[in-house]
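J.: Below is a structure I'd like to ask you about.
The values are calculated or read from the model by the stated rules, or taken from the named source; none is laboratory data. Because the structure is predicted, anything quoted here is derived from the model rather than measured. A quick note on method: Cβ atoms are made from the backbone with ideal geometry, for glycine too, and the neighbour counts reach across all protein chains shown. Heads up: the accessible areas ignore ligands, DNA and RNA and are worked out on the full protein's heavy atoms, side chains in. Shrake-Rupley method; radii C 1.70, N 1.55, O 1.52, S 1.80 Å.
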Amino acid sequence: MIRLWTPPTMPQPASRYSQMALAEGATRRLEIAGQVGVHPDGTVAEGLADQLDAALANIDRALGAAGMGRSNLMKITVYLTENTPEAVATYRARRDLWVGDAPAPAATLLIVAGLASPALVVEVDAIAAG
């Protein structure tokens, strides 16, 4: 069972994520390598929003391959190469749409100088249990 929450004794999140994720009784833990905005056919998605959607779809594919789903997510870490309020707002909006009404996993957002290719503007890794 995974419990996602923010205790009242901690700072409240600036957007929709949980400060803590606790897996109890879990027998399996899945660490998903950083997923970038590349489709399964190898093409790179265009722009930040589309790359976020492609990277999150790759997280879904990895979860599915392990017999898991978004309800098994404990934490995501997102790396953006663009440090603007618009880029952060785009990330938050795409993440919130992806999470939907489910409890939001713990999340960390990092702004980085670059990724493995200049064509890539976002990378997402994840931890799941169940």
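J.: Using the basic label-point model (7 angstrom from Cα toward the beta carbon), what is the E46 to T9 distance in nanometres?
T.: Taking the two extended label points, one gets 5.2 nm.
J.: In addition: What is the calculated FRET efficiency for N83 to Q19, with r their C-beta to C-beta distance and R₀ = 30 Å, to the nearest 0.05?
T.: On the way: r = 23 Å, r/R0 = 0.77.
Between N83 and Q19 the formula returns 0.85.
J.: Let me ask something else. Under a Cβ-only charge scheme (Lys and Arg +1, Asp and Glu -1), can you give me the dipole magnitude of the chain about the Cα centre, in debye to the nearest 20?
T.: 500 debye
J.: Here is a further query. Where in the stretch 15-39 does the amide nitrogen come within less than 14 Å of the point 7 Å from the Cα of S71, taken along Cα to Cβ?
T.: None, by backbone N distance to the label point.
J.: Next up: Out of these labelled values of P(r) over Cα pairs in 10 Å bins from 0, in percent, [x] 11, 43, 39, 7, 0; [y] 13, 44, 33, 9, 0; [z] 11, 21, 25, 27, 14, 2, 0, which was calculated from the coordinates shown here?
T.: Working out P(r) over Cα pairs in 10 Å bins from 0, in percent from the coordinates points to [y].
J.: Shifting gears a bit: Carbon and sulfur: what percent of the chain's accessible surface (1.4 Å probe)? Display every interim value, and only then the final one.
T.: On the way: 3800 of 6900 Å².
Solvent-exposed carbon and sulfur of the chain make up 55 percent of the total.
J.: If you fit an axis through the alpha-carbon atoms of helix 47-65 and take the longest principal axis of the Cα set of the chain, what angle between them do you get, 0 to 90°, nearest 10?
T.: 50 degrees
J.: Here's something else I'd like to know. Below 8 Å between Cα atoms, with a sequence gap of 6+, how large is the relative contact order for the chain in percent? Can you show the working numbers first?
T.: Working: 242 pairs, mean separation 50.3, N = 130.
Contact order relative to length: 39 percent.
J.: Between M10, T77, G37, whose Cα lies farthest towards the positive end of the dipole of the chain when Lys and Arg beta carbons carry +1 and Asp and Glu beta carbons carry -1, centred on the Cα centre?
T.: It is M10, whose Cα lies furthest towards the positive end.
J.: To the nearest µm²/s, what D does Stokes-Einstein give for the stretch 73-130 at 10 °C and 1.306 mPa s, using the Kirkwood radius over alpha carbon pairs as Rh?
T.: Using the Kirkwood radius from Cα pairs, D works out to 130 µm²/s.
J.: What is the helix-to-structure angle for 85-99, meaning the angle in degrees between its Cα long axis and the longest Cα principal axis of the chain, kept from 0 to 90 and rounded to the nearest 10?
T.: Roughly 50 degrees, rounded to the nearest 10.
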